[in-house]
Amino acid sequence: MSVKIRQIDSKADRKKFVTMPWLVYRDDPRWVPPLIMDRLDAIDPKKNPFFEHAEAALFLAERDGVAVGRISAHINHLHNEYHNDKTGFFGWFESIDDPKVAGALLETAEGWLRERGRDQALGPECWSVYEELGVLAEDREGPPMIMCCYTPPYYLELLEGAGYEKAKDLYGWHYEAGKIPEAPLQVADAVDQYPGLKIRCADPKNMGRDIRIVRDVYNAAWSKNWGFVPWTESEVEHAAKMIKMIMIKELTAIAEVDGKPAGIMLALPNINEVIKDLNGKLFPTGMLKLVYRVMLGRHKFQGVRLFMLGVKPEFRGSALGGLSVRLYIQAHRAALKLGVKAGELGWTLEDNHKINTGIQFMGGRLGKIYRIYGKDL
């Protein structure tokens, strides 16, 4: 049977695009169905500030009217401006185990990017480095974490069979919430003696202020990293609304020196634990279950993801050189008090040896590898 690829935009087709993965993962007990409403908002240019500096097209692959694959092609103009390149991206990639379906999807996305002057395709990215990235190339630990990709093993063969090569591996580090090693504790104790240093939790009542501090530190600390794109004001405001709904303040930290932001730590509870049985639906009972489990605190999270931890460049290499270790310990201690069993830190770049060595120093072990693929156009 032939495969038909078509660009979609209607409300009905957008829902078909969002729910297509149910076919791929229907027999996979580890898969966590995403919230359909959340995914619809993510692909809506009127609701997602990503589209203020990007353009995109969505495509479905169908056989006899049944959706058997999907993909996006998108251009992140902010990325191109910052890196001075002509890279295009594909994302939201899902496909049945069929090279013809995957190949047709990828060729369509490549054609769309080529027509708009792009000379390279990278992906999968949904939509940017702040969200789900790559395909799962190696999985040594546990269930999928919040905002981390989970894909079948055959996706690597589909992408490589279509001419894609590895562009970058991203590491997800596994932590057991057990005893903290003695060496990091000594480093943290020394950091605590630094004059003018104050470490506090983020304040849910002042999320606007604190998320801007996070943005300030992020844009400074990650600016030299592969794939970095500055976080915009609109994206900060959007993120603040989302984070506030699930944030546990004890799992956050803002380090200031004489009142100036120096470092940040943000860990989020693994919301996948409380949405898996909802099958993507908030109505008629899903919303009530979420309120009961999350907002009323009736669910005790077993896992967290250390989503972001960084120190501004000017505070590295001094007596505050161990501040990142101090922030790791802040997260570890909070997780222990909350009864968390384990966590994932990530992602980090495969070639960021200094950071990766520091994580191992703290007792982390490599748990997952997320792979970004690239192809010249």
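With the Cα gyration tensor of segment 23-139 in hand, convert its eigenvalues to equivalent ellipsoid semi-axes via √(5λ) and list them largest first in whole Å.
Equivalent-ellipsoid dimensions as semi-axes: 24, 17, 14 Å.
Would you mind working out the magnitude of the charge dipole of segment 43-107 relative to its Cα centre, with +1 at each Lys and Arg C-beta and -1 at each Asp and Glu C-beta, to the nearest 20 Debye?
Details: 6 positive and 11 negative charges, 19 e Å.
Once rounded to the nearest 20, the dipole reads 100 debye.
Local charge sum around residue 140 (other residues, Cβ-Cβ under 14 Å, Lys/Arg +1, Asp/Glu -1)?
With Lys, Arg at +1 and Asp, Glu at -1, the net is -3.
Roughly how many Å is it from the Cα centre of segment 99-124 to that of segment 301-377, as a whole number?
33 Å
Match the structure shown to one of the listed values (i) 17; (ii) 14; (iii) 20 of percent of Cα pairs over 40 Å apart, computed from it, and give that label.
(ii)
Per residue of segment 275-283, what does 6.51 cos²θ - 1.76 cosθ + 1.60 with θ = phi - 60° give for ³J(HN,Hα)? Whole Hz please, x for Gly and Pro, Karplus curve as stated.
10, 4, 7, 7, 6, x, 10, 8, 10
Once phi is turned into ³J(HN,Hα) by the Karplus curve 6.51 cos²θ - 1.76 cosθ + 1.60 with θ = phi - 60°, what whole-Hz value does each residue of segment 116-132 show in order, with x for glycine and proline?
With the stated coefficients, segment 116-132 comes to 9, x, 7, 10, 8, 10, 10, x, x, 9, 10, 9, 9, 5, 7, 10, 5 Hz.
Residue 351 to residue 224: extension gain in nm, 0.36 nm per residue of separation minus the Cα-Cα distance?
44.4 nm
Neighbouring Cβ atoms within 10 Å as the yardstick, rank 53, 332 fewest first.
The most exposed by this proxy come first: 53, 332.
Any idea what the dipole of segment 1-143 comes to, in debye rounded to 20, about its Cα centre with Lys/Arg Cβ at +1 and Asp/Glu Cβ at -1?
520 debye
Please give me the summed charge of the neighbours of residue 115: other residues whose Cβ is under 15 Å from its Cβ, Lys and Arg +1, Asp and Glu -1.
Once all neighbours under 15 Å are counted, the net charge is 0.
Please compute the contact order of segment 178-340 in relative form: average sequence separation of alpha-carbon pairs under 8 Å and at least six residues apart, divided by the residue count, as a percent.
It rounds to 32 percent for segment 178-340.
Of the trypsin sites (Lys or Arg not before Pro) in segment 194-299, which ones lie in a loop per DSSP and count no more than 14 other C-beta atoms within 10 Å?
224, 281, 298
Of 325, 68, how do they rank once you tally other Cβ atoms within 10 Å and put the fewest first?
Ascending Cβ contact count within 10 Å gives the list 325, 68.
Please identify every one of the trypsin sites (Lys or Arg not before Pro) in segment 1-36 that sits in a loop by DSSP and has no more than 16 other beta carbons within 10 Å of its own beta carbon. It would help to have the intermediate numbers written out before the result.
Working: sites: 4, 6, 11, 14, 15, 16, 26, 30; in loops: 26, 30.
Here the trypsin sites (Lys or Arg not before Pro) that fit, given the DSSP loop and packing criteria, are 26, 30.
Dividing the Cα radius of gyration by the Kirkwood radius, what Rg/Rh value follows for segment 178-340?
In segment 178-340, Rg relative to Rh is 1.00.
What is the dipole size for the chain, taken about its Cα centre, with +1 at each Lys and Arg Cβ and -1 at each Asp and Glu Cβ, in debye to the nearest 20?
1240 debye
When the Karplus curve 6.51 cos²θ - 1.76 cosθ + 1.60 is applied with θ = phi - 60°, which whole-Hz ³J(HN,Hα) does each residue of segment 64-74 get, with x for Gly and Pro?
Each residue's phi maps through the Karplus curve to give 6, x, 9, 6, 10, x, 8, 6, 10, 10, 8 Hz.
Can you tally the net charge around residue 237? Count Lys and Arg as +1, Asp and Glu as -1, for every other residue whose Cβ sits under 14 Å from the Cβ of residue 237.
Numbers: positive: 47, 209, 212, 215, 241, 244; negative: 52, 210, 233, 235.
Every neighbour counted, the sum reads +2.
Among 3, 325, 129, which residue has its Cα furthest toward the positive end of the charge dipole of the chain, with +1 on Lys/Arg Cβ and -1 on Asp/Glu Cβ?
Comparing the listed Cα positions along the dipole, 325 ranks first.
Give me 148, 201 sorted ascending by neighbouring Cβ count inside 10 Å, so fewest comes first.
Arranged by neighbour count, lowest to highest, 148, 201 become 201, 148.
Give me, ordered by chain and number, the residues 5 or more places off residue 120 or on other chains with an amide H under 5 Å from its own placed amide H.
Sorted by chain and number, the residues that satisfy this are 88, 377.
Do you know the relative contact order of the chain, to the nearest whole percent, from alpha carbon pairs under 8 angstrom that are 6+ apart? Each step should come with its number before you reach the end.
Details: 693 pairs, mean separation 88.1, N = 377.
23 percent.
Give the residue from 57, 377, 101 lying farthest towards the positive end of the charge dipole for the chain; charges sit on Cβ (+1 for Lys and Arg, -1 for Asp and Glu) and the dipole is referred to the Cα centre.
With unit charges placed on the Cβ atoms, the residue in question is 57.
Just so you know, all these numbers are worked out from the coordinates, no wet-lab data involved. From a predicted model like this one, the values you see are computed outputs, not experimental measurements. Here Cβ is always computed from backbone atoms with ideal geometry, including for glycine, and neighbour counts include all displayed protein chains.
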